[in-house]
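Data block below; observations after.
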Amino acid sequence: MNQHDQQSPPAPHDAVRAEVRVRYARVPAQGAGCCLPASGCCGSTAPPDATARALGYSDADTAAVPDGSNLGLGCGNPTGIAGLQPGQTVLDLGSGAGFDAFLAARAVGPTGRVIGVDMTPEMLQAARANLARGGHRNVEFRLGEIEHLPLADASVDVVLSNCVINLSPDKPRVFAEAFRVLKPGGRLAVSDIVALRPLSAAVRQDLDLYAGCIAGAALVDDLRTMLTAAGFADVQIEPKTELQPVVDGWFPDRGIAGHVASADITAAKPA
């Protein structure tokens, strides 16, 4: 089969959301490993700073955020591809404990603003505790689903996300919402897992693999179609070959090596 073949149906939407919420609710207390005994984007056994370095963050990045905000999650560094500028308003989809939000806050400066949205109350509590420790005045965290963003139309300059959109069972709605809240001329900058070939029914319906950022991965062509249908222009989806060993090592016993990859995804809302 090629990229144009249809993927097998995923697990039911409600079951996916419930499982993801349960798994990620464990992370703040455990520090990492929400997917244990499984693995994946939320189950690395490496120290969080080492994981961040492998994903493209610098030592200066990990040192600049409040303790506890880097949980070793993610599959890339969206702040590195976002082109953030002082004074911008940034939205982080699935902000977790705040790692990328705090890095974005450093980039946009005191005249800018960062809003993190996460559907997991435990993550929100952790992020707000980290916010209090870090003293960032230009960051806030809101409870909400990325399919139903608690933000006004045309209110942000940049939308970030790190290995979260693959977890959504309704990706077209996520992209439509991101388009809605972006100002004309605004940008989407996402690190996420993409499918390089269709995934089997067994993989797509495995909730361990869904929570581990594998089973919900969309084909590259399908993602491009979703983004274009939402209204985005200049859509770029670039798999990161240098991170393939990291991704292939998440579930080494499931036979999925080479089926998915980390990718940088960028797009623009026409001015």
Counting Lys and Arg as +1 and Asp and Glu as -1 over every other residue whose Cβ sits under 11 Å from the Cβ of LYS240, the net charge comes to -4
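Rounded to the nearest 5, what % of DSSP beta bridges with both residues in segment 145-222 are antiparallel?
Numbers: 1 of 9 bridges.
If I count the DSSP bridges inside segment 145-222, around 10 percent turn out antiparallel.
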Cβ under 10 Å from SER161's Cβ, SER161 left aside: what net charge do those residues give with Lys, Arg +1 and Asp, Glu -1? -3
With an 8 Å cut-off on Cα pairs and a minimum separation of 6 or more residues, tell me the relative contact order of the chain in percent. 22
Between ASP14 and ASP221, what is the spin-label point distance in nm, taking each point 7 Å from the Cα along the Cα→C-beta axis? 3.4
Determine the gain in length on full extension of the stretch HIS148-ALA233; use 0.36 nm per residue of separation and subtract their C-alpha separation, reporting nm with one decimal. 28.4 nm
What nm value, rounded to one decimal, do you get for the distance between ALA46 and ALA64 when each label is placed 7 Å out toward the C-beta? 2.1
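Where the only charges are on Cβ atoms (+1 Lys, Arg; -1 Asp, Glu), what is the dipole of the chain about its Cα centre, to the nearest 20 debye? Intermediate values should be presented prior to the final figure.
Values: 22 positive and 29 negative charges, 100 e Å.
Roughly 480 debye, rounded to the nearest 20.
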Can you compute 3J(HN,Hα) from phi for each residue in segment 75-85, using the Karplus curve 6.51 cos²θ - 1.76 cosθ + 1.60 with θ = phi - 60°, rounded to whole Hz and x for Gly and Pro? 9, x, 10, x, 5, x, 10, 8, x, 5, 10
Please tell me the relative contact order of segment 71-122 in percent, rounded to the nearest whole number, where contacts are Cα pairs under 8 Å and at least six residues apart. 40
When the helix-only estimate is applied to the chain (DSSP H runs of n ≥ 4, each -39,500 (n - 2.57), divided by the residue count), what is the mean residue ellipticity at 222 nm, nearest 500 deg cm²/dmol? -9000 deg cm²/dmol
Considering only the chain, what is the antiparallel percent among its DSSP beta bridges, to the nearest 5? 40
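All of the numbers you see were taken from the coordinates with simple rules; none came from a lab. Values in this document were obtained by computation on a predicted structure and should not be read as measured data. Here Cβ is always computed from backbone atoms with ideal geometry, including for glycine, and neighbour counts include all displayed protein chains.
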